[in-house]
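Report on the structure given below.
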Amino acid sequence: GRGRQIGYPTANLRTENELVPPHGVYATIARTPDGLQPAITNIGVRPTFGGGGAVSIETHLLRGGRDLYGARLRLYFVQRLRAEHPFSSVEALLARIEQDCREAAALFGRISV
């Protein structure tokens with residue numbers, strides 16, 4: 001629920017036997033029940049919020065969409081945007097998430113999704 005609290009709702013994913021890319025932020029395409037959606041995905045331990053826990057995979061749909069709770073998603077990794085690292089404040093994290101979204105949107109503007 002933290003993503004929703006800061007204005008970037010995410011689908012928190014579980015994997016079953018998949019190989020997971022290294023920690024970082026990625027431009028991804030999410031196959032949802034509504035079709036293909038451009039997204040950004042964070043893989044890591046949420047270091048700004050204490051980190052050290054289990055690795056999470058969180059996907060934010062760039063165009064919004066319906067509540068994905070309980071839905072099955074498939075992710076297609078398009079490009080790594082940056083490594084995961086802690087930020088000094090939630091405001092600094094939000095600024096970087098906004099930049100990540102702009103970079104991913106520019107990328108998806110050059111390819112068809």
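Just a few scattered comments:
- Neighbour net charge for residue 81 - beta-carbon separation under 12 angstrom, K R +1, D E -1: +1
- Net charge in the neighbourhood of residue 54 (other residues with Cβ under 13 Å of its Cβ; Lys, Arg +1, Asp, Glu -1) is +1.
- For the chain, a crude dipole built from +1 on the beta carbon of Lys and Arg and -1 on the beta carbon of Asp and Glu, taken about the Cα centre, is about 160 debye to the nearest 20.
- Sulfur and carbon atoms: percent of accessible area, the chain [1.4 Å]: 49
- Applying 0.36 nm per residue to the separation of residue 74 and residue 16 and subtracting their alpha-carbon distance, the gain on full extension is 19.7 nm.
- Over the chain, dividing the summed -39,500 (n - 2.57) contributions of all DSSP H runs of at least 4 residues by the number of residues returns a 222 nm mean residue ellipticity of -7000 deg cm²/dmol.
- For the chain, built as a Gaussian network whose Cα springs stay under 10 Å, the top-fluctuating residue of 15, 28, 59: 15
The values are calculated or read from the model by the stated rules, or taken from the named source; none is laboratory data. None of the values given here were measured: they were computed from a predicted structure. Heads up, the Cβs are rebuilt from the backbone with ideal geometry, glycines too, and the neighbour counts pull from every protein chain shown. Heads up: the accessible areas ignore ligands, DNA and RNA and are worked out on the full protein's heavy atoms, side chains in. Shrake-Rupley method; radii C 1.70, N 1.55, O 1.52, S 1.80 Å.
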